[in-house]
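The structure appears right after this line, and notes come after that.
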Amino acid sequence: MSEHLEYAPEVTPPPPLPSFPVRVVQLLAAPTRLFDALRERPVWFVALLAGALMVAASIVVIPADVWSEMARAQMMEAGQEVPVDLSTMGNVYRIGGAVAGLVFWFVSAAVFSGILAGVFAFVLGDRISYRQMLSGYAHASLVAALGSLLVAPLRVIQRDPQLTLSLGTFLPGLEGYAGAFLGMLDLFGLWCYFLVALAVTRFDPRRTLGVAVGVTLGLFLAFVAVMAIFQA
């Protein structure tokens, strides 16, 4: 009587989750390796907190007198009476902006991750969860947070807390809606959303990069297009 031996198929263990500093390096140098690890272990809190703290730091390092000058310019443009001493208002802008940046970072990550997960999972039928999308978004947005820190010295030198490196930076002189739209297309933000698209293709390998980029950047551009209406 012959015996039939059944062999269970080999299961490849998921890649180990690197430490947070290693994940930051991988995000910049080898993002596919990072997102492969996050597919099975979609952690997000530390990355999101680190990004929020970097954004807050990029606001706090700008001196209060720079914020005061911005407040004075805004009040003059609005035709309001400008107080002699705006130092208190400068500190309010500085600290209030840092706190608002912390809160907005978490809220925007939750909202945008939910929208993207809904589009990819429920509209396009991808096998991707909200937690995976939040994990990918939290890590990809570190690029935008790092960008804020890198631009902070330029904001101090130019004495402009709202200075960004955007497509509008390379097309100076544009006014109206076009100027507002291109000015809001932050280069680090575009990089961030490309990484989000790359994360989607690693979470569900069936999804092509072209479609993922089209969806993520399309939603980002649509959001900017709406916001630019109020900035024009």
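The values are calculated or read from the model by the stated rules, or taken from the named source; none is laboratory data. Only a predicted model underlies this, so the values are computations on that prediction, with no experimental measurement involved. Backbone-built Cβ (ideal geometry, glycine too); neighbour counts: all protein chains shown. Ligands, DNA and RNA are stripped out before the accessible areas are found, and what is left, the full protein with its side chains, is counted by its heavy atoms. Shrake-Rupley method; radii C 1.70, N 1.55, O 1.52, S 1.80 Å.
What separates the Cα centres of the range 65-124 and the range 176-232 is a distance of 20 Å. From its DSSP helices (H runs of at least four residues, each -39,500 (n - 2.57)), the chain gives a residue-normalised ellipticity at 222 nm of -22500 deg cm²/dmol. Multiplying the residue separation of Gln231 and Leu150 by 0.36 nm and removing their Cα-Cα distance gives an extension gain of 26.7 nm. Share of carbon and sulfur in the accessible area of the range 193-232 stands at 73%, probe radius 1.4 Å. What shape does the chain have by the C-alpha gyration tensor, where a ≥ b ≥ c are the square roots of the eigenvalues, rounded means a/c under 1.5, and otherwise prolate means a/b greater than b/c and oblate the rest? Cα axes put the chain in the prolate bin. With the whole protein complex present, Met133 retains an accessible surface near 0 Å², based on a 1.4 Å probe.
Leu150 contributes an accessible area of around 120 Å² to the protein surface, as traced by a 1.4 Å probe with all chains present. For the pair Phe45 and Ala100, label points projected 7 Å from Cα toward Cβ lie 2.8 nm apart. Helices of the chain meeting both criteria, an alpha-carbon length of 18 angstrom or more along the long axis and an average Kyte-Doolittle score not below 1.0, with helices taken as full DSSP H segments, are 45-60, 87-117, 142-158, 187-203, 209-231. When the chain is treated as a GNM with alpha-carbon contacts under 10 Å, the residue of Pro161, Pro83, Pro63 showing the greatest mean-square fluctuation is Pro83. A Cβ-based charge dipole, computed about the Cα centre of the chain with Lys and Arg at +1 and Asp and Glu at -1, lands at about 240 debye. Ranking Tyr93, Tyr193 from most to least accessible surface, computed with a 1.4 Å probe over the protein chains only, gives Tyr93, Tyr193. With all protein chains kept in place, the per residue accessible area of the range 67-116 amounts to 60 square angstrom at a probe of 1.4 angstrom. Filter the trypsin sites (Lys or Arg not before Pro) in the range 77-131 down to the DSSP loop ones having no more than 16 other Cβ atoms within 10 Å, then list what survives. Taking the range 77-131 and a limit of 16 other Cβ atoms within 10 Å, the loop trypsin sites (Lys or Arg not before Pro) found are Arg127.
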